[in-house]
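Bear in mind that the values in this text are calculations on the coordinates, not laboratory data. If you're wondering where the values come from, they're calculated on a predicted model, not measured in any experiment. Every residue, glycine among them, receives a Cβ derived from its backbone with ideal geometry; neighbour counts consider all protein chains shown.
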Amino acid sequence: MVNSTKEIISPSYTSIDWKKIREDFPILKREVNNQPLVYLDNAATSQKPQLVINAIAHYYSYYNANVHRGVHTLSQEGTNAFEASRNTIKEFINASKTEEVIFTKGTTNSINLLAYSWGRKFVKEGDEIMISAMEHHSNIVPWQILCEEKKALLKVIPINEKGELIWEEFLRLLSDKTKLISVVHISNALGTINPVKAIIEEAHRRNIWVHIDGAQAAPHLQIDVQELDCDFYSFSGHKMCGPTGTGIFYGKEKWLEEMPPFEGGGEMIKTVSFEKTTYNDLPFKFEAGTPHIEGAIVLAEAIRYLQSIGLSNISTRENELVHQTTTRLKEMDGIRFIGTAIHKSSVVSFLVNNIHPYDMGMILDKMGIAVRTGHHCTQPLMDFYRIPGTVRASFSFYNNENDIDRLMEGVKKSIQMLS
Ligand code: PLP
């Protein structure tokens, strides 16, 4: 059942039947408020194809058992599938070893692992951690907690009105006290694609560690951690057609070896006595307790599904949908786009006249259209724009032109009702 990801050859863009792909997602056939569902909240979580839903049922119907513990057949089959999934993910992000791939609950959990384990070992009083003005709360709060505890300083790379990092300011903020730069690859609120490779190069020239929050990048771009040369990379399974409660923390082996465990318990130990405990080898040192076994196995299934379409085909499709949506919204009066970076992906955030995003979200929902309204867990970013939040339409490859038509109808109706 487990194929090597390298065997998957993506089809050419023109040969892809997007209508057929959409049929893989049963939830898209349901109605909401007596209207066919239009799902444009993919940055929050993606929908799941039938093959992923089936894989969950298959796991529990066929080989559910705890992993790494039993000599019995079910446990061995479960362990083999679990470790094969780790290998699929290793190949997906082009890590050099499976030991560098740690299963977590999601991006938030991955960043907390980094802040608690790496942070407690390497950060000292007076050190600096650098993030950016467009971070999700998950990439702000763990660093604030660490900095408070260690009396370290949190520095923030500013952005311009378009929602792009200001490169000169980034260079100016670097100092010989900077220990780590932790930046988002693609902003969930703006869609900005950050120049992470250039950031990593600048940082490494100064021996600074770099962590990339890839929560919004892994579903849309082909990630190659060796090519990026990042020290750490985090992402969530549920945003890329996989189950909720799954995520990955990638770290270079040499750093993971030096980092202490994050949580203690079963699985992460070699020997335990009341006097002394010795820790397990990588990756298990960071995987205390029974993992999300089914989630990890099925995440590999989701990844193979994305690869069968091709990540570059996916991003081309999503860019088309974003382009069409932006062009059509521009034709309406009173639209203000939040996030107009030159390099953008999958997200259209906007406001209309003086309409509160929440009110528009409610009207759209009545019409069966799911968008996200509010601060998108980026309150400091909303403060920068002096707004309470935005209406965010976030796209996946299974969205289509009809979804855009329906969104336009919904926005027009909201303007009529609320302006
Ligand atoms: N970082 C970014 C950029 C996100 O968009 C999100 C979720 O929306 C997160 C981190 C947190 O991800 P999770 O809730 O899966 O841990």
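Compare the peptides 88-100, 331-343, 267-279 by average per-residue count of other Cβ atoms within 10 angstrom and give them in order, highest first.
Those peptides, ordered most packed to least, come out 88-100, 331-343, 267-279.
Please go through the residue pairs Lys124/Lys155; Lys90/Lys150; Lys90/Lys179; Lys179/Lys276 and name each one whose alpha carbons sit more than 22 Å apart in this structure. Mind showing how you got there, number by number?
Values: Lys124/Lys155 15 Å; Lys90/Lys150 33 Å; Lys90/Lys179 27 Å; Lys179/Lys276 31 Å.
Table pairs above 22 Å Cα-Cα are Lys90/Lys150; Lys90/Lys179; Lys179/Lys276.
Pop out the ³J(HN,Hα) list for segment 37-51 in order, Karplus 6.51 cos²θ - 1.76 cosθ + 1.60 with θ = phi - 60°, rounded to Hz; leave Gly and Pro as x.
5, 10, 9, 10, 10, 5, 6, 6, 7, 8, 7, 10, x, 3, 4
Given a cut-off of under 8 Å on Cα pairs at least six residues apart, what relative contact order in percent is computed for segment 56-307? Show your work: numbers first, answer last.
Numbers: 464 pairs, mean separation 61.2, N = 252.
24 percent.
In whole angstrom, note down how far apart the Cα centers of segment 89-136 and segment 49-77 are.
28
Using DSSP, restrict attention to beta bridges with both residues in segment 118-192 and report what percent are antiparallel, rounded to the nearest 5.
Numbers: 1 of 9 bridges.
Taking every DSSP beta bridge within segment 118-192, about 10 percent pair in antiparallel fashion.
Treating the beta-carbon of each Lys and Arg as +1 and of each Asp and Glu as -1, no other charges, what is the dipole magnitude of the chain about its Cα centre, to the nearest 20 debye? List each step's numbers first, then the result.
Working: 44 positive and 50 negative charges, 85 e Å.
About 400 debye.
Taking H as built 1.01 Å from N, whose amide H comes closer than 5 Å to the amide H of Asp127, not counting residues under 5 places away?
Here Leu153 satisfy the definition.
When only Cα pairs under 8 Å and 6 or more residues apart are kept, what is the percent relative contact order across segment 1-155? Could the numbers behind the result be given before it?
Numbers: 111 pairs, mean separation 22.4, N = 155.
Once normalised by length, the contact order is 14 percent.
List every residue whose amide H lies under 5 Å from the amide H of Val32, counting only residues 5 or more places away in sequence or on a different chain, with H placed 1.01 Å from N in the peptide plane.
Those qualifying (amide H under 5 Å, at least 5 residues apart or on another chain) are Leu37.
What percent antiparallel are the DSSP beta bridges of the chain, to the nearest 5?
60
Could you go through segment 179-196 in sequence order and give the Karplus-derived ³J(HN,Hα) for each residue, using 6.51 cos²θ - 1.76 cosθ + 1.60 with θ = phi - 60°, rounded to whole Hz, and x for Gly and Pro?
9, 8, 10, 10, 10, 7, 6, 10, 6, 6, 8, 10, x, 4, 9, 7, x, 5
Which order do the peptides 393-401, 50-58 come out in when sorted by mean C-beta neighbours inside 10 angstrom, highest first?
Values: 393-401: 24.0, 50-58: 16.7.
Per-residue Cβ counts within 10 Å, averaged per peptide and sorted highest first, yield 393-401, 50-58.
Note down the relative contact order for segment 240-372 as a percent, whole number, built from C-alpha pairs under 8 angstrom at least six residues apart.
Numbers: 109 pairs, mean separation 24.0, N = 133.
Contact order relative to length: 18 percent.
Could the peptides 234-242, 218-226 be put in order, highest first, of the mean number of other beta-carbon atoms found within 10 Å of their residues?
On the way: 234-242: 27.6, 218-226: 21.3.
Final packing ranking: 234-242, 218-226.
For the chain, what does the helix formula give at 222 nm: sum of -39500 (n - 2.57) over DSSP H segments with n ≥ 4, over the residue count, nearest 500 deg cm²/dmol?
On the way: 14 runs with 164 residues, N = 419.
Theoretical 222 nm ellipticity from helices: -12000 deg cm²/dmol.
Enumerate the calculated ³J(HN,Hα) couplings along segment 198-211 in order (Karplus 6.51 cos²θ - 1.76 cosθ + 1.60, θ = phi - 60°), each rounded to whole Hz, writing x wherever the residue is Gly or Pro.
Here the 3J(HN,Hα) series is 5, 4, 5, 4, 4, 5, 5, 4, 10, 6, 9, 6, 10, 10 Hz.
Limiting things to C-alpha atoms, what are the Rg and the maximum Cα-Cα separation (Dmax) for the chain, in angstroms?
Every Cα atom of the chain included, Rg and Dmax give 22.0, 72 Å.
Give the aspartates and glutamates reachable from Lys97 as a straight Cα distance under 17 Å; neighbours fewer than 8 places away on the same chain don't count.
Here the aspartates and glutamates satisfying the reach criterion relative to Lys97 are Glu83, Asp224, Glu227, Asp229, Asp231, Glu253, Glu257, Glu258, Asp281, Glu287.
I want to check the label-to-label distance for Met417 and Arg206. Put each point 7 Å from Cα in the C-beta direction and report it in nm to one decimal.
The modelled label-to-label distance comes out at 5.1 nm.
May I ask you to list the GluC sites (Glu not before Pro) in segment 157-241 that are in a DSSP loop and have at most 16 other Cβ atoms within 10 Å of their Cβ? Don't skip to the answer; put the middle values down first.
Working: sites: Glu161, Glu164, Glu168, Glu169, Glu201, Glu202, Glu227; in loops: Glu161, Glu164.
Within segment 157-241, the qualifying GluC sites (Glu not before Pro) (loop, at most 16 other Cβ atoms within 10 Å) are Glu161.
Out of His356, Gly70, Phe395, whose Cα points farthest toward the positive end of the dipole of the chain (charges: +1 Lys, Arg; -1 Asp, Glu; placed on Cβ)?
His356
Count the DSSP beta bridges whose two residues both fall in segment 201-277, then state the antiparallel fraction as a percent rounded to the nearest 5. Write down the numbers at each step before the final one.
Details: 6 of 9 bridges.
The antiparallel fraction comes to roughly 65 percent.
For Ser132, enumerate residues with amide H under 5 Å from its amide H, sequence gap 5+ or separate chain, H modeled in the peptide plane.
Ile157, Val184
Could you work out which residue, out of Ile297, Ile27, Ile404, moves most in a Gaussian network model of the chain, that is, has the largest mean-square fluctuation with Cα springs under 10 Å?
Taking springs between Cα atoms under 10 Å, the residue moving most is Ile27.
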